[in-house]
Each structure stands twice: as structure tokens, then as C-alpha cells.
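The values are calculated or read from the model by the stated rules, or taken from the named source; none is laboratory data. Given the structure is predicted, the values throughout are model-derived calculations rather than measurements. No Cβ is skipped: glycine too gets one built from the backbone with ideal geometry, and neighbour counts run over all protein chains shown.
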Amino acid sequence: MKGAEFQTGRSALLAILHGEPIDIITVASTPIMLESFGRDDFRIIATSVDSQDNDKVIAHTESGIVTVADLLGKKINEPVKS
């Protein structure tokens, strides 16, 4: 087995989709989902999860948000591509 090194899963995904001689990659779900909107020439053959706390909700300390209840009426941002 030969390995290739990429800085991000997204860069590995783009490499395989652009025809680089790679058979299998690992990548997070967001880049896969974003690429799936414009193409259907790849398949997800397996998934794995190792952590239950990957996603985080971040608030600036000066925002006054301490608990989920404090989010009522606040602006919430979700990145389009990350």
C-alpha cells in the first residue's frame, strides 16, 4: 500500500476527484456533502466516527451567551465552506 499526504481531507477529496491516482481517501462529511451538489461521480464506501464532541458552538466572552437558552434572539452563523 502506498500513501499520499494531504494537508486537509478536502484537498485529498479534490485530488481524487480531479483524477490523481488515489484509490481511497478519508475526509470529513462537509466537503463530501458540498461536492455532492455538483457531481455524482464518487461513492461513499464506509463511514466511521471516533468522537462524540467534534462540533462546537462558540460565543465571544463579551456576548453574554453562557448557555443554549441565551441563544434566543441571537444571530447564529454557520460557515458555508469550512
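Quick notes on this structure:
- Of all residue pairs spaced 6 or more apart or on separate chains, those with beta-carbon atoms under 9 Å, a first member in the stretch 1-23 that is under 18 Å from Asp40 (Cβ atoms) and a second member that is loosely packed, with under 10 Cβ neighbours inside 10 Å and of a type in the set (D, E, K, R) are Ile16/Asp23; Leu17/Arg39; Leu17/Asp41.
- Residues (among the polar types (S, T, N, Q) and at pLDDT 65 or above) located in the stretch 53-82: Thr61, Ser63, Thr67
- Top-ranked residue of the stretch 1-39 - restricted to ones that are exposed (fewer than 10 other Cβ atoms within 10 Å of the Cβ) and modelled with pLDDT of 85 or more, ranked as farthest from the chain's Cα centre (by Cα): Gly19
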